[in-house]
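What follows is a set of notes on a single structure, which appears directly below.
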Amino acid sequence: MSNTHFTVNVLEQCRITPPPNTTPTTSILPLTFFDLPWLFFSPSQPLFFYEFPTFHFTTTILPKLKQSLSLTLQHYYPFAGSFVPSHDHSKPHLIYTNNNSVPLTISESNGNFNHFCSNHIRDVKDFHLLVPKLACEGNEFPLLAIQVTLFPRVGICIGITFHHVVADGRTFHNFFKTWASYCSSGSASTFRPKSLPCCDRSVIVDANGLEEVFLKEWKKRGLAQGIAIGREAKLVDLSVLVRATFLMGTTQMEKIKCLIINCCKDKNQPQPVHLSAYVLACAFTWVCLLKTQQSVNVKAIHEDNTYLGFIAGGITRLDYAVPMTYLGNCVGFGRASVKREDILGEDGVVAAAKAIGSTIKKLDASIFAGAEKWILDWDVLHGSKQHVYATWSPKLKPYELDFGWGRPKKIEEISIDFTGAFSLIQSRDIEGGIEIGLALPKNEMDTFSILFTKGLDALP
């Protein structure tokens, strides 16, 4: 499960700035109501593993990575800025000056590259040596840090830590895609992005007064409990956790879908309104997780309801236009609810899919219905075994991010070690499939693996 005698040695630490005279001297971006809820979330920490012969790493590959990152930051300069939680009466905001930069750490590892890129159970603590830290500086919180770890002759890992208060997954994907495109072009300086990010915060309209609601929560909790920005969500004993990736292909999804439809027909019940690949994967995983908890912790006192939280894209659900290139957050929060006894019953997947589909339908009809409770509703999800939430989205297609060495061999989201979420990423090798990433104590992972595998195998 572990990389024996695995070490990571730092070779270089530097800071990457945009090219001179390509960014504003100073830019202050106020947080919109879409940004504010992310103040209560810990940073995202994806790892991208690329397998290729790494000869001439320091003379060719590394200089190109640095140059292409610099060129990318001229367009995505807010990532080089910092978050300022104003202590006066002004709103919290992001600030960028032309003195800002992104910290880049270059490391070398003696670890087994294929071990990191596999799907089987592995110790989580090994992965954390590949994750860069966001070092807070006084009253300003940096938003992005990058670590490139060399596995000599085998490949590299690009580790990212970024805080969602600066951007949602769509924006981060656009940032990373632009970096990869600059790097993979014949000459990094000759690539020209087809579309540039829009930093204009005035495109976000707060017609429901959500900013005031979220700011009140921010001020109340910022004083009483601190915030998640710049630190992990909670202290976790990494030594007891393992991580694994579970694959769900289109054939298996179709079987789950047929099972749900036939069950509803047999019982004269309406079918779920949404049976997308995302809904099917979430529903099946939710049931397996709850059954795992029941199996390993049967004496625990449980609430009547169990919740599954997920992020819903906002741009296509708004009644006004926001550019697809908007640099910032434009997502809503969904929370599906099911009675615990229903999700643990013989028709648990049906109940789960109905609850998720119903929540999506409500978001489609009005993404802001109940939005004033987004922060409160998600409170119960953090650190709970009874409730879960999904992170990432298969729609983003991160396995298409090519720096010139081919597609990533594996992608891991490390923040789930702290948050207890599960990640959903487009499958690399199965067309239309989904990779489900989990981090659990070893006994729970063993139980989940049995439930997940046998559950899929038993599908008619």
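The values are calculated or read from the model by the stated rules, or taken from the named source; none is laboratory data. Since the model is a prediction, treat every value here as computed from it, not as a measurement. Every residue, glycine as well, gets a Cβ built from its backbone with ideal geometry; the counts of neighbours run over all protein chains shown. Each accessible area value is taken on the protein alone, full model and side chains, heavy atoms only, with ligands, DNA and RNA left out. Shrake-Rupley method; radii C 1.70, N 1.55, O 1.52, S 1.80 Å.
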**Q.** Where VAL236 falls short, out of the listed (1) of a type in the set (Val, Ile, Thr); (2) open to solvent by 40 Å² or more (accessible area, probe 1.4 Å); (3) modelled with pLDDT of 95 or more
**A.** (3)
Q.
If I filter the stretch 244-257 for residues that are touching an Asp or Glu at 6+ places or on another chain (Cβ under 7 Å) and of a type in the set (A, V, I, L, M), do I get at least one hit?
A. yes
Q) Filter the stretch 210-233 for residues that are modelled with pLDDT under 60 and part of a helix (DSSP H, G or I); which is surrounded by the most Cβ atoms within 10 Å (Cβ to Cβ)? A) LEU223
(Q) Among the residues of the stretch 370-402, what is the count of those that are at pLDDT 90 or above, small (Gly, Ala, Ser) and either in contact with a His (Cβ under 9 Å, 6 or more places away or on another chain) or open to solvent by 30 Å² or more (accessible area, probe 1.4 Å) (or both)? (A) 2
Q. Looking only at the stretch 168-191, which residues are assigned to a helix (DSSP H, G or I) and within 15 Å of the chain's Cα centre (by Cα)?
A. GLY169, ARG170, THR171, PHE172, HIS173, ASN174, PHE175, PHE176
Q) Would you pick out the residues in the stretch 260-275 that are within 31 Å of the chain's Cα centre (by Cα), open to solvent by 50 Å² or more (accessible area, probe 1.4 Å) and free of Cβ contacts under 8 Å to residues at least 40 places away in the same chain? A) GLN271
**Q.** In the stretch 84-125, the residues that are touching a His at 6+ places or on another chain (Cβ under 7 Å) and under 28 Å from GLU412 (Cβ atoms)
**A.** ARG122
Q) So, of the residues in the stretch 292-350 that are among the acidic types (Asp, Glu) and farther than 30 Å from SER195 by Cα, which turns out to be surrounded by the most Cβ atoms within 10 Å (Cβ to Cβ)? A) ASP347
(Q) Looking at the stretch 305-325, I want the residues that are on the phi > 0 side of the Ramachandran plot and have a partner that is assigned to a loop (DSSP other than H, G, I, E, B) and surrounded by 21 or more Cβ atoms within 10 Å (Cβ to Cβ) with Cβ atoms under 6 Å, at least 6 apart or on another chain. Which pairs are those? (A) none
**Q.** Evaluation of ILE367 against (1) farther than 30 Å from ASN174 by Cα; (2) under 25 Å from the mean Cα position of the chain (by Cα) (one fails), failing number
**A.** (1)
Q. How many of the residues in the stretch 192-209 are farther than 20 Å from TYR96 by Cα and open to solvent by 50 Å² or more (accessible area, probe 1.4 Å)?
A. 7
**Q.** Residue count, the stretch 1-40 (criterion: in a strand (DSSP E or B), within 25 Å of the chain's Cα centre (by Cα) and not β-branched (Val, Ile, Thr))
**A.** 3
Q | Condition met for GLY328 (on the phi > 0 side of the Ramachandran plot, under 18 Å from the mean Cα position of the chain (by Cα) and at pLDDT 95 or above) | A | yes
